[in-house]
Every structure is written in structure tokens, then in C-alpha cells.
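The values are calculated or read from the model by the stated rules, or taken from the named source; none is laboratory data. Bear in mind that the values here come from a model prediction, so they are computed numbers and not experimental data. So basically every Cβ, Gly included, is an ideal-geometry build from the backbone, and we count neighbours across all protein chains shown.
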């Protein structure tokens, strides 16, 4: 990707985390990226085109992160941990995702982008769970697909909590909560060191 095009998209992503999709203006993107509005229009056209391309790039980054994390990891317990904790990689990413989901409810052009990202992540979770069931690692309470949908809901809720700084929750606490909540649904246990002391169950 050309340097100036990439700089514009990164600037738009930073502004999305601050102002939301509906609050981004071309003049703000130009100022943040240090380029002219004309250059942005040359590369992308309208503001909506910039937002669409920015979310495509952000989602591609997420997918690359997940595939890189999983590369060479055969242990399904570890694969699931990486998929879950990797979804909570940064507060800015949490903000961008929650803003994207909210905007998708208002803008039809964003709906496929959000769905594609969710479907990609969920497919890896389903595959990992199915592999873990086959090798005896996981013992499910529901089907792999239903379990994956539940985990998506948990991730989205915790991303929202991080984005909103709900009760000062940190990324590390959110990741630990996610592992703690997911573990009984796949019939495994994660070390208590991974779970904040305030949420450890009695006798853990």
C-alpha cells in the first residue's frame, strides 16, 4: 500500500476511535494525516469511501494478527486461548470495533465489513473447538457453532467494557475474564494466575 494512502487510513482509524464513524470529517482526516483534502479525494473519493477502506484495512489487520498467532500452534487449548485473548489486543482496537458495530446498524455499507470479520473469527473458533473435541481436549455443553456464537458475544461485551473504560477494566482483566467465562463451556480450566483475584471462584 502506498505510504500516503496508508497514512490516510491510519489517521482515519485514530479519529474513528475519538469521534466515531459519524463524527469523522475529511478536513479532520487531512489534518491528522498531514495531507490535503484533495489528495484524500484523489485516493478515495468521498468520506464514506475513506471509512469503508479504513475498516477493510483494520479488519485485514485483525485477520492477519489471528492467522499469525495461530501459525504453527497445534495445541487446541492454546489456540483457543490465543483467539480469545487476541481479540482484546488494544483499547483503540476495542473502540474501533464497537464503533464499527454501532455504525453498521445505521449504515448499510458497513454491515458486510462487520459480518465478514465476525464470520472469519468465528470460523477459526469453530474449527479449533471441533479439533479439540476430536482429540479429547474439549468437552462441550453445546455444539461447536453455538459455543462459538456465545464466545463472540462475550468478546463483544468485554470489548465494549474496555472501550467505555467500564469500572476501569483493563485489557488484561478483560482477557482473563473471557478465559474464565469460556473455560466451563469447553470443559477445561485455565490457571488461576490468568484470572484476577477478585473474580476467582471459591476454592479456586
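Observations on the structure shown:
- Members of the stretch 30-44 that are assigned to a helix (DSSP H, G or I), touching a residue at least 24 places away in the same chain (Cβ under 8 Å) and surrounded by fewer than 21 Cβ atoms within 10 Å (Cβ to Cβ): 39, 43
- Candidates 27, 79, 62, 93: the one that is surrounded by fewer than 18 Cβ atoms within 10 Å (Cβ to Cβ) and either out of contact with any strand residue (DSSP E or B) (no Cβ under 7 Å at 6 or more places or on another chain) or within 30 Å of residue 153 (Cβ to Cβ) (or both) is 27.
Every residue, every condition in (1) over 27 Å from residue 177 (Cβ atoms); (2) at pLDDT below 85, yes or no:
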| position | (1), (2) |
| --- | --- |
| 16 | no, no |
| 26 | yes, no |
| 34 | yes, no |
| 66 | no, yes |
| 79 | no, no |
| 91 | no, no |
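- Residue that is modelled with pLDDT under 90, out of contact with any helix residue (DSSP H, G or I) (no Cβ under 9 Å at 6 or more places or on another chain) and on the phi < 0 side of the Ramachandran plot, where the choices are 116, 108, 61: 108
- Note on the stretch 130-159: among residues that are loosely packed, with under 14 Cβ neighbours inside 10 Å and not in a helix (DSSP H, G or I), the one that is modelled with the lowest pLDDT is 141.
- Identification of helices (runs of 4 or more DSSP H) wholly contained in the stretch 45-120 with 3 or more residues that are under 24 Å from residue 29 (Cβ atoms) yields 47-70, 91-104.
- Filtered residue count, the stretch 101-129, keeping only those that are more than 18 Å from the chain's Cα centre (by Cα), surrounded by 18 or more Cβ atoms within 10 Å (Cβ to Cβ) and without any contact (Cβ under 8 Å) to a residue 24 or more places away in the chain: 0
- Conditions (1) touching a residue at least 60 places away in the same chain (Cβ under 8 Å); (2) closer than 24 Å to residue 6 by Cβ; (3) touching a helix residue (DSSP H, G or I) at 6+ places or on another chain (Cβ under 6 Å); number of the one not met by residue 80: (2)
- Residue match in the stretch 143-152 (condition: touching a residue at least 40 places away in the same chain (Cβ under 8 Å) and within 17 Å of residue 183 (Cα to Cα)): yes
- Every condition in (1) modelled with pLDDT of 90 or more; (2) surrounded by 13 or more Cβ atoms within 10 Å (Cβ to Cβ) is met by residue 21 except one, and the failing one is (1).
- Qualifying residue in the stretch 68-81 (condition: within 26 Å of residue 19 (Cα to Cα) and within 15 Å of the chain's Cα centre (by Cα)): no
- Test result for residue 87, closer than 22 Å to residue 164 by Cα, without any contact (Cβ under 8 Å) to a residue 12 or more places away in the chain, surrounded by 17 or more Cβ atoms within 10 Å (Cβ to Cβ) and in contact with a helix residue (DSSP H, G or I) (Cβ under 9 Å, 6 or more places away or on another chain): no
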